[in-house]
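The values are calculated or read from the model by the stated rules, or taken from the named source; none is laboratory data. These numbers were taken from a predicted model, which means no experiment stands behind them. Backbone-built Cβ (ideal geometry, glycine too); neighbour counts: all protein chains shown. Accessible surface is based on the protein model in full, side chains and every heavy atom, while ligands, DNA and RNA are left aside. Shrake-Rupley method; radii C 1.70, N 1.55, O 1.52, S 1.80 Å.
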Amino acid sequence: MPGEKGAAAWADYDHDGDIDVFATNYSSTRSDLPHALYRNNGDGTFTDVAVVAGVAFHEFGWGCSFTDFDNDGYDDLFFTGSLDTTCFVAACADLETIGEGRGNPGTMLFSKGDGTFAEFTEQMPVNMRDLYTSGVAHADYDQNGFIDLVIVTETVPAQHGRPMAPGHPILYRNQGNENNWITIRLRGTTSNRDAIGARVTMEAGGMVQTKEIYAGSSHLSTESAWLTFGLASNTRIDRVTVRWPGGETEVFTTVPINASTVLVEGEGSATSVENDDAVELPGEVALYQNFPNPFSETTTIHFELREPMFVSLQLYDVFGRGVAKLSEGSLAAGSHRIRVDAGALASGLYMYRLQTAAALHTGTLLVVK
């Protein structure tokens, strides 16, 4: 491992079932001390394939994220970083990673699906060359099925005649596309509740993806423990296999797409959820998170009925006032999708309620205009 590694991120980018490692390097140029991509050989050894993959020669990096941003089923890379002249000894002040305009702009590399990556940096909304960036973490904070990014910028003290530059977070909201997805949320029972250390393998349409849950990653950061898998155009999950931290393995075969699903250790069944407080739904009804969310024009609420029944689906504002009656009447067993038009709705948070004779199910949606 030549150089000084600043951060690491893990992913099975080549779909061989083994976890590979990307490590940023302490490089002063795009050619000095390249970054590393260690491909897992499956026999306890690794091979650095960064040059062949096209991820080696980029600016200095602290934080990094290795996940599927466009939901095509292949993991992409984002990393950034810079140094402040006051953070190191004077002998380091001439490094090209230090000083205004010398930082990493925020490098985005999209997987081509063949083990190589294409640069997308110039299309990113913020150029970070003038910022002292450090930590990077990813999560689907708005639960629209597409991974978002948060980047930490540090405070730079007043120096060399320049005023103090306050640090602040940068939040990249992923606008998404037409690709399908699933989000897996594990709940350990005999293992730790957050299932730290678990490995999840998802199979769909001949594609096999593997992800793990970690307690830390990147540079002084940690990513979401909710695992999002991009499905591209696949419309069905063949199966999800979970190897729990305790070593037990379970297979789940009834996992819906475009929804967040809780898999509970020892239960061998999938439970769809709409919010952070995951609860099991009654066996006869499953209500999924609306998609897209947030939205500005239209969204779709998806629910499934195990048997024919009378249902009422209504929309309420934050004060509990009824806004719209979306569906009411007897429906057949099966999958139902209800379109919601934001034309008459003001920006804000709303709650939708699905009422049956046996229970009440709720979800939230966000209108942004």
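Taking all protein chains together, F66, F120, F319 sort by accessible area into F319, F120, F66, largest first [probe 1.4 Å]. Residue ranking by accessible heavy-atom surface, 1.4 Å probe, largest first, among K112, K211 comes out as K112, K211. Only protein heavy atoms count here; on that basis, with a 1.4 Å probe, H336 has an accessible area of about 40 Å². The distance between label points at A215 and A344 comes to 5.3 nm (points 7 Å beyond Cα on the Cα→Cβ vector).
Using only alpha-carbon positions in the chain, the gyration tensor eigenvalues give semi-axes of 41, 25, 17 Å once each is multiplied by 5 and square-rooted (largest first). Under the rule a/c < 1.5 gives rounded, and otherwise a/b versus b/c splits prolate from oblate, where does segment 216-369 land using the Cα gyration tensor? It is oblate, given that a/c is not under 1.5 and a/b is not larger than b/c.
When the surface is traced with a 1.4 Å probe over the full set of protein chains, I338 keeps roughly 30 Å² accessible. Between D130 and R353, the distance separating the two model label sites (each 7 Å from Cα on the Cα→Cβ line) works out to 5.1 nm. Restriction of the trypsin sites (Lys or Arg not before Pro) in segment 222-262 to DSSP coil positions whose beta-carbon has at most 12 other beta-carbons within 10 angstrom yields R236. For M351, M164, M309, M108, the ranking by accessible surface with the largest value first comes to M164, M351, M309, M108, using a 1.4 Å probe.
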